[in-house]
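Everything on this sheet refers to the single structure shown next.
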Amino acid sequence: MKFLPLMSLLAASVAQAANPIITDVHTADPAALVHEGKVYLYTGHDEQAPETAGYVMKDWLCFSSDDMVNWKPEGALLSLDDFEWAEANAWAAHTVERDGKFYWYVTVWRGHGKGFAVGVAVADSPTGPFKDAIGGPLISSDMTPNPTNPQGREVTWDDIDPAVYVDDAGQAYIFWGNTNCYWAKLKDNMVELDGEIHQIDLPNFVEAPYVHKKGDLYYLTYAWGFPERTAYATSKSLEGPWEYGGIINEIAGNSNTNHQSIIEFKGRDYFIYHNGGTLTGGSWRRSVCIDYLYYDEDGAILPIVPTLEGVGPAYEGRGNPIVTDMFTADPSPLVHDETLYVYTGHDIQNETDTFFKMDDWYAFSTTDMLNYEKHGPLLSVDDFAWAKGDAFASHCIERDGKFYWYVSIRHKDIQVHEGFAIGVAVSDSPTGPFRDAIGEALITDKTENSIVLNIDPAVYVDDDGQAYMYWGSWGECRMVKLKDNMLELDGSVETVQAHRFFEAPFIHKRDDLYYLTYASGYPSTTEYSTSKSVTGPWEYQGVLNELLPKSETNHQGIVEFKDNWYFVYHDASLPGGGVYRRSLCIDKLEYTDDGLLKPIVRTRSSVPPFE
């Protein structure tokens, strides 16, 4: 066994949340293992000189982390010297645990005329010591045919890039290959093949097969074409058939290879890969990176968005965005019976058209800020006979055991200005069923002192029981009292003076101070004003949430839940997200000693769950 002579590697240095995650040594072909609350990251070690072609790889490295941000170097735990029958090329490898032992499957070159092979080392600990488990190759070149690649070249290096998966029944499978994708079963001892070798026909397969499971679906990711991208296929069985799903990661920076590992850790999914992203990096001096991986509601993997900032610290929390299988916007929070409900719009626009497309509303509930249940759609345009489309921002509130959901929606018949109206649905439960409460709009273009764009309702019931509804857009804010039945206006519509107001008003109270938060400008920040009265006058206090990358809108709700204050908003950070494809997020809201709001610190990790 040998260890790296790099003091910086042997020191417990910290790699912050940035890509590449390791910068003092070049790492490639990552394989990650989750064990006892830690992630063990096994990598190859590129040692080629800068500006020089060809792989120089003599050993394999290991790093560990309990938060995906701070990585402890465990050293070079395995090298070519540990395999007496190997001659060179410590290429891609994969480590798995079974029955308390750790099996490290590695690619090596046996020498001229013998080709590449797959060996296996074993240890009682994820950090070794590892030893050659069988004293020879598990898979050798003579066991498979030499395929011909798309360039017409005979491939003698097809027995590389092992990846092992143990299914729920305890059957272990090994996948590997270049040009041809192979698989075989392993015996329970993990060091012998169990039966014949099979091939999988995958579009543009080059190398780097990797298998993981999500729900009841298996995913086979692999390097596609050259220079390599990452593509995937899915199956209900590890033995296939496999259905092609498409490309999820494009060419990795200035690296012509693309090699991935996918894990779930502390409730989030991660895509671990390499690029050539250091100042002296390239195809033969690669570096491991980590970004989030997301699925849509049908289980398809969304395209990976490679980032420089990488991932936030991992803990047993949900992470932002809260909802990752659909696009959600314009959130409004409600606390009822020790449960937080967040009501949202539903963005269904494609990635190319440039207007909002929204037909219905959903709710998401949690008791612990970790596990969220999806409800819906609970309400749609079709539930309002007088409406014809555009299910924009809404707000749900509880009063006297009933739940009133105020919605922005376009009117079929009344259009003096933009034709938007505010309706209200009612239910005996926060999750419905909801029905149109009055059979007509509460606010329309014909309402006296209404505005050009009647959207974004927000309702607040004051300490004396008086209900108020705020709404507004395009720089005009309005307020009106509601009668006790919550379905009729009680008096005239008043104009609200709030400095830099654009749209999305929201009212909350803490101690004896009222806070009016709202979107300001376009693209919008979130700003706020305060008052001793729910009806004002309002004193401007400043910016609360800065501009959002890729989202021109900024729409917020503020809620106290289990003695914690939360800022509920949307961004556009999901893969494929944008101005018309937004996503629900939650971060902490904090106050200064004199009761002002501290600027929001947006995070990718969201908020800690309750114990």
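Remarks
- Taking every Cα-Cα distance in region 444-508 and sorting them into 10 Å bins from zero, the calculated P(r) comes out as 23, 55, 21, 1 percent.
- Surface accessible to a 1.4 Å probe, per residue, for the residues of the chain, Å²: 39 Å²
- Karplus-derived HN-Hα couplings along region 424-441 (A = 6.51, B = -1.76, C = 1.60, θ = phi - 60°), whole Hz, x at Gly and Pro: 9, 10, 9, 8, 8, 9, x, 10, x, x, 9, 9, 4, 7, 10, x, 7, 6
- Size of charge dipole - the chain - debye, nearest 20, with Cβ of Lys, Arg +1 and Asp, Glu -1, no other charges: 920 debye
- Cα lying deepest toward the dipole's positive end in region 536-611, options TRP538, PRO549, VAL559, charges on Cβ: PRO549
- From the C-alpha gyration tensor of region 426-468, square roots of 5λ in Å: 22, 17, 10
- Note on LYS446: aspartates and glutamates with a C-alpha under 13 Å away, same-chain residues under 8 apart excluded, are ASP413, GLU418.
- Kirkwood hydrodynamic radius (C-alpha pairs) into Stokes-Einstein, the chain, 37 °C and 0.692 mPa s, D in µm²/s: 123 µm²/s
- Normalised by 2.2 N^0.38 Å, where N is the number of residues, the C-alpha radius of gyration of region 82-185 stands at 1.10.
- Ordering PRO150, GLY423, VAL342 by Cα displacement along the dipole of the chain toward the positive end leaves PRO150 in first place; charges were set at the Cβ atoms of Lys, Arg (+1) and Asp, Glu (-1).
- Direction-averaged projected area, Cα convex hull, region 569-611: 4.3 nm², rounded to one decimal.
- Estimated translational diffusion coefficient (Stokes-Einstein, Kirkwood radius over Cα pairs, 4 °C, 1.567 mPa s) of region 493-611: 87 µm² per second.
- Overall form of region 212-359 per C-alpha gyration tensor (a/c, 1.5; a/b vs b/c): prolate
- For region 394-442, the spread of Cα positions along each principal axis, largest first, Å: 36, 17, 16
- This model, with +1 at the C-beta of Lys and Arg and -1 at the C-beta of Asp and Glu, gives region 352-486 a dipole about its Cα centre of some 220 debye.
- The convex hull built on the alpha-carbon positions of region 13-116 has an orientation-averaged projected area of 7.7 nm².
- Kirkwood Rh in Å, taken over all unlike Cα pairs in region 281-332: 13.7 Å
- Derived scalar couplings between HN and Hα for region 157-172 equal 10, 7, 9, 9, 6, x, 8, 10, 9, 9, 7, 5, 8, x, 7, 9 Hz in order, rounded to whole Hz, by the Karplus curve 6.51 cos²θ - 1.76 cosθ + 1.60 (θ = phi - 60°), x for Gly and Pro.
- For region 420-509, GluC sites (Glu not before Pro) meeting the loop criterion (DSSP other than H, G, I, E, B) and having at most 13 other Cβ atoms within 10 Å: GLU448, GLU488.
- Structure-based [θ]222 nm, the chain - -39500 (n - 2.57) summed over DSSP H runs of at least 4, per residue, nearest 500: 0 deg cm²/dmol
- Tail fraction, Cα-Cα pairs, region 162-208, threshold 16 Å, whole percent: 39 percent
- Of LYS481/LYS588; LYS481/LYS550; LYS114/LYS213; LYS374/LYS483; LYS38/LYS588, pairs whose Cα-Cα distance is over 28 Å: LYS481/LYS588; LYS481/LYS550; LYS114/LYS213; LYS374/LYS483
- For ASP296 and ASN485, the difference between the fully extended length at 0.36 nm per residue and the C-alpha to C-alpha distance is 64.0 nm.
- Top positive-direction residue, dipole computed over region 135-223 with Cβ charges, set MET190, HIS212, TYR165: HIS212
- Average projection area in nm² (convex hull over Cα atoms of region 295-424, one quarter of hull surface): 10.7 nm²
- Diffusion coefficient (Stokes-Einstein, Kirkwood radius over C-alpha pairs, 20 °C, 1.002 mPa s) for region 204-291: 159 µm²/s, rounded to a whole number.
- Fraction of C-alpha pairs exceeding 25 angstrom in region 361-492: 24 percent, rounded to a whole number.
- Charged side chains reduced to their Cβ positions (Lys and Arg at +1, Asp and Glu at -1) give region 328-429 a dipole of some 280 debye around its Cα centre.
The values are calculated or read from the model by the stated rules, or taken from the named source; none is laboratory data. Nothing here was measured: the structure is a model prediction, and the numbers come from that model. In this analysis, Cβ positions are derived from the backbone assuming ideal geometry, glycine residues included, and neighbour counts consider all displayed protein chains. Just the protein is used for accessible areas: all its heavy atoms, side chains included, with ligands, DNA and RNA removed. Shrake-Rupley method; radii C 1.70, N 1.55, O 1.52, S 1.80 Å.
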